[in-house]
Amino acid sequence: MTDTALVIGANGGIGRAVVNELLQQQYSVVAISRKSMDVQHPELQCLLCDSTEADIDSLIQTLTELKGRLSRIVIATGVLHQAGPPTLAPEKRLEDIDPEQLMHSTYINTVLPAMWVAKLLPLIKGSKGSPRCVIAALSARVGSIGDNRLGGWYSYRSSKAALNMFLKTAAIEYSRRAKNVKLLAFHPGTTDTTLSQPFQANVPEGKLFTPEFVAQKLVGIMDKVPVDGELSYLDWQGESIEW
Ligand SMILES: NC(=O)c1ccc[n+]([C@@H]2O[C@H](COP(=O)([O-])OP(=O)(O)OC[C@H]3O[C@@H](n4cnc5c(N)ncnc54)[C@H](OP(=O)(O)O)[C@@H]3O)[C@@H](O)[C@H]2O)c1
């Protein structure tokens, strides 16, 4: 049976690179995005999906008809800033706190990946000896509570910390109901995409990664990571990040 990979947020900088890397690794890839991709490949199927629960439900229905076995899932959606609506800009101080920004960031960074992790369970669950399936959600080191020394970026930090807690809780339930599945919260490092673009000026030399480099690292980690019933919170080097 063909190994199929699912990439959600396939038109983002990192999402696109992950799609390409998985195609190079001979996966059949289902790419999900709000807009169609400008990539053609015989093993690539693009599906459109907005960010509502109804859209995700309808996509899950389509995915049940897949012939291949889903063995890699990458959730690459996320938001840090946008022109709007609503306008999002990382907050520097408490006076910048805006409920709409907090809610939108939480919806995209926490609720959206949470819905996918919840709704994919019936499609990928198996018993202990079943072929493994690895789900990686793009988190961020700034979602670490222990690592937060600089402050700021309230909405982004909080929504990524909430994502980590959701994934940790889901990993506990998956370990009971889907013993073949591994969950991973992944920090790519500062990567040259639209998301990091306004904040790249102070990145030390050699520390701004290409999406292709990050995609290779992530796919490599997903190949090796053991199915141990735990959530791993790992950076691009495969090193654990404190919670
Ligand atoms: N770049 C970095 O330095 C960096 C560092 C740490 C963590 N990360 C994380 O890595 C992930 C990917 O980021 P990126 O750098 O590739 O950024 P990007 O190029 O801006 O891509 C953002 C992704 O989020 C999705 N998205 C944004 N707004 C959305 C909305 N309203 N509804 C549904 N989907 C939405 C987009 O999906 P579509 O495909 O539908 O457009 C796109 O895939 C994010 O979770 C980010 O937090 C990035």
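Descriptive notes on the structure:
- Candidates in region 181-228 are the residues that are modelled with pLDDT of 95 or more and among the small types (Gly, Ala, Ser); of these, the one that is farthest from Lys125 (Cα to Cα) is Ser196.
- Residue under evaluation Asn109, criteria (1) of a type outside the set (Val, Ile, Thr); (2) over 29 Å from Phe199 (Cα atoms); (3) in contact with a Leu (Cβ under 9 Å, 6 or more places away or on another chain); (4) assigned to a helix (DSSP H, G or I), criterion not met: (2)
- Pick from region 21-34, criterion within 16 Å of the chain's Cα centre (by Cα) and part of a helix (DSSP H, G or I), ranking: nearest to the ligand (Cβ to nearest atom): Glu21
- Counted residues, region 22-79 - those being in contact with an Asp or Glu (Cβ under 7 Å, 6 or more places away or on another chain) and surrounded by 15 or more Cβ atoms within 10 Å (Cβ to Cβ): 8
- Checked against the criterion of being away from the ligand (no atom under 15 Å from the Cβ) and out of contact with any Gly (no Cβ under 6 Å at 6 or more places or on another chain), region 71-81 contains one or more residues that satisfy it.
- So Pro90, is it touching a residue at least 60 places away in the same chain (Cβ under 8 Å), surrounded by fewer than 20 Cβ atoms within 10 Å (Cβ to Cβ) and in a loop (DSSP other than H, G, I, E, B): yes
- The condition (being part of a helix (DSSP H, G or I), away from the ligand (no atom under 16 Å from the Cβ) and either without any contact (Cβ under 8 Å) to a residue 40 or more places away in the chain or within 18 Å of the chain's Cα centre (by Cα) (or both)) is satisfied by just one residue among Leu121, Leu163: Leu121.
The values are calculated or read from the model by the stated rules, or taken from the named source; none is laboratory data. Everything numeric here is computed off the predicted structure, so don't read it as measured data. Here the Cβ is made from the backbone with ideal geometry for all residues, glycine too, and neighbour counts use every protein chain on show.
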